[in-house]
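Below is one structure; the comments refer to it alone.
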Amino acid sequence: MAISQETLMKKIKEEVSHAEQHIHTDQFSVYIGKLHVLCELLLDESLVHENKQQVQKNEIPEQMQGESQPLTQQGNPELLEGDSIFDF
């Protein structure tokens, strides 16, 4: 179940408000801990979204998969003839 970024941001704002109200009490660290967890969730959600976009960019369309040929089979006679640095 994915949590929307808007929902996480709303909860972060609520916890910041609570933390500001309790800045000089023992509860302050509790609210900061909650903020830490919410920020990690937001970052993880962003990373998952970025990874999905990157995978979609890197996918090769099916019509292009069979089109590439090795360089020696493209019919370029200059590549097939002549001296080579590997001729011993």
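The values are calculated or read from the model by the stated rules, or taken from the named source; none is laboratory data. These numbers come from a predicted model, not from an experiment. When we count neighbours, we look across all protein chains shown, and the Cβ atoms used for this are built from the backbone with ideal geometry, even at glycine. For the accessible areas, the whole protein counts, side chains as well, though only heavy atoms, and no ligand, DNA or RNA atoms are used. Shrake-Rupley method; radii C 1.70, N 1.55, O 1.52, S 1.80 Å.
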Please compute the length gained on full extension between I85 and V48, using 0.36 nm multiplied by the number of residues separating them and subtracting their Cα-Cα distance. 8.5 nm
Exposure of S29 as accessible area (Å², to 10), given a probe of 1.4 Å and all protein chains: 80
Nearest 0.05, what FRET efficiency do I23 and A2 give at R0 = 30 Å with Cβ-Cβ as r? 0.35
So if each residue of separation counts as 0.36 nm, and I subtract the Cα-Cα distance between E59 and M9, what length gain in nm does that give? 14.8 nm
Need one value: the accessible area of T7 in square angstrom, 1.4 angstrom probe, rounded to the nearest 10. 70
Quick tally, 1.4 Å probe accessible area for I3, I23, I85, sorted with the most first, runs I85, I23, I3
Pairs K10/K34; K13/K52; K11/K34: which are spaced more than 18 Å apart, C-alpha to C-alpha? K13/K52
Reported to the nearest 10 Å², K11 has, with a 1.4 Å probe, an accessible area equal to 90
